[in-house]
Amino acid sequence: MNINVVGSGYVGTTLAACLADLGHDVTAIDIDEDVVAELNAGRAPIHEPGLDELVAEHAGENLQATTAYENVADAEATFLAIQTPSREDGSIDVAPLEAAAEMTGEALADADSDHLVIVKSTITPPKVDEIRDAVAEGLGESSSRVEVATNPEFLREGTAVEDFLAPQKVVFGTDSAWATDRLEAVYAPLLADHDTHVVQTGPETATMIKYANNAFLATKISLINDLGNVCKEFGIDAYEVADAIGLDDRIGEQFLRSGVGWGGSCFPKDVAAIIAAAREAGYDPAVLDAAVEVNDRQPERLLELLDEHVDVEGKRVAVLGLAFKPGTDDTRNSRAIPVIEGLKERGADVVGYDPVATENMREQFPEIEYADSAGEALEWASGALVVTDWDEFAALDEAFDAMEESVVVDGRRVVERGEGITYEGLTW
Ligand SMILES: NC(=O)c1ccc[n+]([C@@H]2O[C@H](COP(=O)([O-])OP(=O)(O)OC[C@H]3O[C@@H](n4cnc5c(N)ncnc54)[C@H](O)[C@@H]3O)[C@@H](O)[C@H]2O)c1
Ligand SMILES: O=c1ccn([C@@H]2O[C@H](COP(=O)(O)OP(=O)(O)O[C@H]3O[C@H](CO)[C@@H](O)[C@H](O)[C@H]3O)[C@@H](O)[C@H]2O)c(=O)[nH]1
């Protein structure tokens, strides 16, 4: 099948490369010329395990990239994988997505074939109509058959390729059997090989499934963090408690890792967006509000644990891990951001280290120091805060000896508690 993917960020690039790998002819469209040049040179514009290999294999073959919308109508379907960032009040800004939807509509206006526009971006249910309207605006008086469907994405960064190619579920949000058939044709090579649940529903419900999924997971982490904070007060290890409750199938063992909280480009944005949309519709979602409140408090709790051992003013403090989670260079809404801000407020000399995310964090905090290794960051430091659970932090042991004062506050339960260091776990 001939398919367009508009937007080549984390989701779009993964989608385009994976669809090419499934045997489709894919055109990736992005307004960013650098992104397009990278893709055409056979390189992924973002860091994601396995993605470079897929792009290298398919670029110039059945994966092309362009900044132009002019050949959109040659394909049978167009995915829109455009950013939907938070606005000040937590609601999402769909202007970039609307612009892409309208340009897609315009490009289809003169085509006599039919076409399915599939919203991959995460949008709240009331926004679906706005995207339908934007496509219609672009189409103008055209009599082409163009429908809008939603097909939310559940991949995680760091395992995006793996998640996309072997999903537990795919959700088709369509208004007609014709649209469902077309989405099924897109996913057919994947569904043939995997035991994947296919959820067939309307476009608005599909988008709500996405929000409910993320809100549930984020709230699960906030709940274990809340319980973890209680454990810490009692001198109890929250991980021992989590392991035990996870044995109950009704709770499940995943997403019970307590610590410095959830970050990333999705959970904070999506939870804020569904809260804002619910409030606009007249409902105050109290549990979701509390999930955000607990999450916002965790970085400050990490800093307060450090305060109990060192007055960091004028002292060097290492922040280990800048990415919002291991396996990615993404620092969007990383918990390292409030941690660095808190250290700066306290007058500390902050030195950050991350195996891959340094450059992204440097854009946000150009004034702090960045080290090339965890060992270098720890040299002469009077405190270390562990913010991301990169495996390499588990083996640091001797590197802590180079610290001025070996106080280690672990926000992710990753450091081995060794001899000669003052070790504090956030919830254990
Ligand atoms: N990142 C994730 O893990 C993830 C997972 C599931 C869902 N989502 C959702 O998917 C959507 C995309 O997220 P992302 O992280 O890939 O965003 P991103 O910011 O990484 O990528 C968006 C891309 O769209 C391009 N773009 C913007 N306007 C354009 C236009 N008019 N035409 C063509 N290209 C245009 C940008 O240049 C950019 O490359 C969001 O709604 C997000 O919530 C993200
Ligand atoms: O037990 C846990 C699990 C995760 N996290 C944190 O939660 C955040 C999100 O982690 P994860 O879900 O692995 O990463 P994302 O790539 O943000 O993926 C989430 O957001 C995506 C975008 O919507 C969805 O597609 C995925 O299904 C959903 O898991 C990170 O800061 C993690 O450190 C914890 O603190 N404890």
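I'd like the full set of residues that are of a type outside the set (A, V, I, L, M) and near ligand 1 (Cβ under 9 Å from one of its atoms), limited to the range 84-97. Across the range 84-97, the qualifying residues are Thr84, Pro85, Pro96. Residues in the range 218-235 that are surrounded by fewer than 17 Cβ atoms within 10 Å (Cβ to Cβ) and touching a residue at least 40 places away in the same chain (Cβ under 8 Å): none. Checking each residue in the range 249-275 for being surrounded by fewer than 18 Cβ atoms within 10 Å (Cβ to Cβ) and among the aliphatic types (A, V, I, L, M) picks out only Ile251. Taking helices (runs of 4 or more DSSP H) as the structural unit, those lying wholly within the range 1-68 and holding at least 1 residues that are under 23 Å from the mean Cα position of the chain (by Cα) and within 16 Å of ligand 2 (Cβ to nearest atom) correspond to 10-21, 51-58.
Among the residues making up the range 145-167, those that are out of contact with any Phe, Trp or Tyr (no Cβ under 8 Å at 6 or more places or on another chain), touching a residue at least 60 places away in the same chain (Cβ under 8 Å) and of a type in the set (A, V, I, L, M, F, W, C) are Val161, Phe164, Leu165.
Within the range 318-359, the set of residues being modelled with pLDDT of 95 or more, more than 24 Å from Arg297 (Cα to Cα) and crowded, with 17+ Cβ neighbours inside 10 Å comprises Pro355, Thr358.
What do you reckon, is Arg297 in a helix (DSSP H, G or I), of a type in the set (Lys, Arg) and more than 8 Å from ligand 2 (Cβ to nearest atom)? If you could, list the steps in order and put the result at the bottom.
Numbers: in a helix (DSSP H, G or I): yes; of a type in the set (Lys, Arg): yes; more than 8 Å from ligand 2 (Cβ to nearest atom): yes.
Yes; evaluated as a whole, the condition is true for this residue.
Residue pairs whose Cβ atoms lie under 6 Å apart, sitting 6 or more positions apart in sequence or on different chains, and linking a residue in the range 94-108 that is under 13 Å from Gly140 (Cα atoms) to a partner that is among the polar types (S, T, N, Q), are Thr104/Thr78; Leu108/Ser144.
Scanning the range 144-153 turns up at least one residue that is of a type in the set (D, E, K, R) and under 23 Å from Phe267 (Cβ atoms).
Return yes or no: is Leu247 away from ligand 1 (no atom under 16 Å from the Cβ) and either modelled with pLDDT under 95 or not acidic (Asp, Glu) (or both)? Break it down into steps so the answer makes sense when it comes.
Details: away from ligand 1 (no atom under 16 Å from the Cβ): yes; either modelled with pLDDT under 95 or not acidic (Asp, Glu) (or both): yes.
Against the criterion (away from ligand 1 (no atom under 16 Å from the Cβ) and either modelled with pLDDT under 95 or not acidic (Asp, Glu) (or both)), Leu247 qualifies.
Number of residues in the range 236-248 that are loosely packed, with under 13 Cβ neighbours inside 10 Å and assigned to a helix (DSSP H, G or I) equals 3.
Taking strands (runs of 3 or more DSSP E) as the structural unit, those lying wholly within the range 90-204 and holding at least 3 residues that are crowded, with 22+ Cβ neighbours inside 10 Å correspond to 115-119, 146-150, 169-173.
The values are calculated or read from the model by the stated rules, or taken from the named source; none is laboratory data. The structure presented is a predicted model; accordingly, all values stated were derived computationally and were not measured. Every residue, glycine as well, gets a Cβ built from its backbone with ideal geometry; the counts of neighbours run over all protein chains shown.
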